[in-house]
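For reference, the structure discussed in these notes is given below.
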Amino acid sequence: MIPWTLEGRALIPGGRDELLLWRRGDEFSIRIRGYVSELMNSRVHGSEEQLARLGCAPLQGRPNPHVLIGGLGMGYTLAAALQALPGDARVTVAELVPEVVEWNQGDLGACAGRPLEDRRVEVAQGDVARLLRSGPPRYDAVLLDVDNGPESMTHKDNDWLYSLAGLQATRQVLTPGGVLAVWSAAPDDRFTARVRRAGYTVEVHAVRARAGGKGARHTVWVARRP
Ligand SMILES: C[S@@+](CC[C@H](N)C(=O)[O-])C[C@H]1O[C@@H](n2cnc3c(N)ncnc32)[C@H](O)[C@@H]1O
């Protein structure tokens, strides 16, 4: 049996927690030091891809769509978004932890097919919240998978993204009819109500962690700016 080896570690900006990149052959795992459960495993990415498919589907037919993805992780959401979007799309991917981008430029990047090399992609190093706090409508979709869901685990400041103020600010940077899609490990009725209160129409999707309808059930909200 191939043993796990520690390939990298990175301090999460603004906190004391560390992300650890583990590898066993061609399998990768990203963990937060001290937590039992994984943040991500390269063999389990069905719901991350569904986030992109569900979030990009309403954009069909829009010219030059611009999509913002919060959280690069292992790049599966990014790769699925690129597959769903036309050649004239632009995808900005915001990643808080610089080392995560470096890991994706190295061996980890092969897992999702090296989406960072697609010419439609630009990386915005830093907190995705910076891009959502103000400014004119400019994104046709915002796909958020920065944490465990509305209950933050990676970065306490992420709570703002899921708050009423964060949802309202995000609505302001979406173009009319634009989409906010949010991934979560668990359903959250109070979050659904908050999304409505922030002025969106919303659908809640139960999606499976693994491709082929297998694995744990995760939740994706698809909210639209009217
Ligand atoms: C669960 S992973 C995302 C997985 C990704 N959907 C995929 O397909 O691989 C969460 C990622 O979001 C990043 N992150 C956490 N908080 C963030 C923030 N506020 N802004 C940008 N990235 C953030 C983490 O460093 C991590 O890389």
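The values are calculated or read from the model by the stated rules, or taken from the named source; none is laboratory data. Predicted model, so just to flag it, every value in this text is computed and none were measured. Neighbour counts are summed over all protein chains in view; Cβ atoms, including those assigned to glycine, are modelled from backbone coordinates with ideal geometry. Keep in mind that these areas ignore ligands, DNA and RNA; they rest on the heavy atoms of the full protein, side chains included. Shrake-Rupley method; radii C 1.70, N 1.55, O 1.52, S 1.80 Å.
Structure above, values below:
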item: Rotationally averaged projected area of the stretch 3-76 (alpha carbon convex hull; nm²); result: 6.7 nm²
item: 3J(HN,Hα) from dihedral phi, the stretch 30-46, Karplus parametrisation 6.51/-1.76/1.60, rounded to Hz, x for glycine, proline; result: 10, 10, 9, 4, x, 9, 6, 7, 7, 7, 7, 10, 5, 8, 10, 8, x
item: Selected from Arg171, Arg24, Arg90 as most flexible by GNM, with the chain as the system and alpha-carbon contacts under 10 Å; result: Arg24
item: Whole-angstrom gap from the stretch 59-94 to the stretch 166-191, using each part's C-alpha centre; result: 16 Å
item: Hydrodynamic radius of the stretch 87-211 per Kirkwood, over alpha carbon pairs, in Å; result: 15.8 Å
item: Equivalent-ellipsoid semi-axes of the stretch 167-207, from the Cα gyration tensor, Å, largest first; result: 19, 11, 9
item: Accessible surface of Leu85 - all protein chains present, 1.4 Å probe, nearest 10 Å²; result: 20 Å²
item: The chain - Debye-derived log10 I(q)/I(0), Cα point model, q = 0.07, 0.15, 0.16 Å⁻¹; result: -0.20, -0.96, -1.10
item: Residues of the stretch 91-226: accessible area per residue with a 1.4 Å probe, Å²; result: 45 Å²
item: Solvent-accessible area, 1.4 Å probe, carbon plus sulfur percent, for the stretch 44-224; result: 48 percent
item: Calculated [θ] (222 nm, deg cm²/dmol) that DSSP helices of n ≥ 4 give over the chain, each run adding -39,500 (n - 2.57); result: -6500 deg cm²/dmol
item: Cα coordinate range in the stretch 181-226, projected on the principal axes (Å, largest first); result: 33, 19, 10
item: Selected from Tyr35, Leu20, Leu108, residue furthest toward positive end of dipole (the chain; charges at beta carbon); result: Tyr35
item: Mean Cβ count within 10 Å, highest first, over the residues of peptides 46-58, 67-79; result: 67-79, 46-58
item: R0 of 45 Å, Cβ-Cβ distance Gln172-Met1: FRET efficiency to nearest 0.05; result: 0.30
item: Spacing of the two label points (7 Å from each Cα toward its C-beta) at Trp160 and Ala193, in nm; result: 2.5 nm
item: At most 14 other Cβ within 10 Å, DSSP loop - GluC sites (Glu not before Pro), the stretch 113-213; result: Glu151
